[in-house]
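Encoded as structure tokens, the structure appears first; notes follow it.
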Amino acid sequence: MVVCPNCNHPNPDGAVQCEACYTPLPAMINCPNCGASAQADANFCGQCGFNVQKGEVASAAPPEAEIAMATSPPLQGTPDLIQIDPLITPEPLVGASFPDEENLPVPASAELPPLPPPSPPVMPSPEMHPVLVPESSGPKTQLQQQSAHLLHVQTNTSLELPQNLTVIHLGKQNDRIPPDIDLSGFPDAEIVSRIHADIRLEGDAYYIEDVGSSNGTYINNTPLPLGNRHRLRSGDRIALGKGDRVTFLFQIS
């Protein structure tokens, strides 16, 4: 996985540009020491600390606390404390009297009247009947699920993407990977490969990638490199093959 240096979006291995912001991605190499992925312009491996430029393991610097303890002088013994005599000698209390606890006044809170006895529970009479409230018969609220469509520009035909699939194959009838959206009956379908492109659903986002077609896939008149994915947004123009002859508009409703 390659992390975009511009927006930190994780991209699949082998991608040459970010599928979120289209920023060119740095080249990746494998660490010769541990085999982990690292950027080609990095100095050290993020997993083992191996110097991928010089071919040696970086030595860890000693902690600052150990350096300070090694260079600081030994502590000297602390001197004994000097005892100081008090300036005034306290005198004991003689003849002090304290009030008798029995003669103290009783607080008002202690003379509260007793609580009345609890009242007996009220029993319902036999003639009382519970009132039943009927349930509301109004229409229930239904959540609307968004759907995606491909609008064929040349024939103004709308194709709805299957909502029960996370990978939707675009192409023509074949024995290896049958297409979920068959483009055999559209004009100029001869420029579309039998296994042309895939549309993937991840969460609420749709991505398209070319899976090795003969004539390529173009997004908004820009060729989509093999192995790269493009996040589709409503209004994107998808051309299967050269010449803008089999074109679709991606729509979300």
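The values are calculated or read from the model by the stated rules, or taken from the named source; none is laboratory data. Quick caveat: nothing in here was measured; it's all calculated off a predicted structure. Every residue, glycine among them, receives a Cβ derived from its backbone with ideal geometry; neighbour counts consider all protein chains shown.
For the stretch 150-172, which residues satisfy the criterion of being assigned to a loop (DSSP other than H, G, I, E, B) and at negative phi?
Val153, Gln154, Thr155, Leu161, Pro162, Gln163, Asn164, Leu165, Thr166, Lys172
Does at least one position in the stretch 245-253 carry a residue that is within 25 Å of Cys4 (Cα to Cα) and not in a strand (DSSP E or B)?
Checking the stretch 245-253: not a single residue is within 25 Å of Cys4 (Cα to Cα) and not in a strand (DSSP E or B).
Restricting the search to the stretch 31-40, which residues are surrounded by 12 or more Cβ atoms within 10 Å (Cβ to Cβ), modelled with pLDDT under 75 and more than 22 Å from Cys7 (Cα to Cα)?
Ala36
Can you tell me how many residues in the stretch 203-228 are assigned to a strand (DSSP E or B) and in contact with a helix residue (DSSP H, G or I) (Cβ under 8 Å, 6 or more places away or on another chain)?
1
Name the one entry in Arg200, Arg176, Arg231 that is basic (Lys, Arg) and in a loop (DSSP other than H, G, I, E, B). Lay out the reasoning, then the answer.
Values: Arg200 fails: in a loop (DSSP other than H, G, I, E, B); Arg231 fails: in a loop (DSSP other than H, G, I, E, B).
Going through Arg200, Arg176, Arg231 in turn, just one is basic (Lys, Arg) and in a loop (DSSP other than H, G, I, E, B): Arg176.
Identify all residues within the stretch 1-35 that are among the hydrophobic types (A, V, I, L, M, F, W, C) and in a strand (DSSP E or B); write none if there are none.
Val2, Val3, Met28, Ile29
Would you point out which residue out of Asn220, Asn164, Asn174, Asn228 is loosely packed, with under 14 Cβ neighbours inside 10 Å, in contact with a strand residue (DSSP E or B) (Cβ under 8 Å, 6 or more places away or on another chain) and at pLDDT below 95?
Exactly one residue qualifies, and that residue is Asn174.
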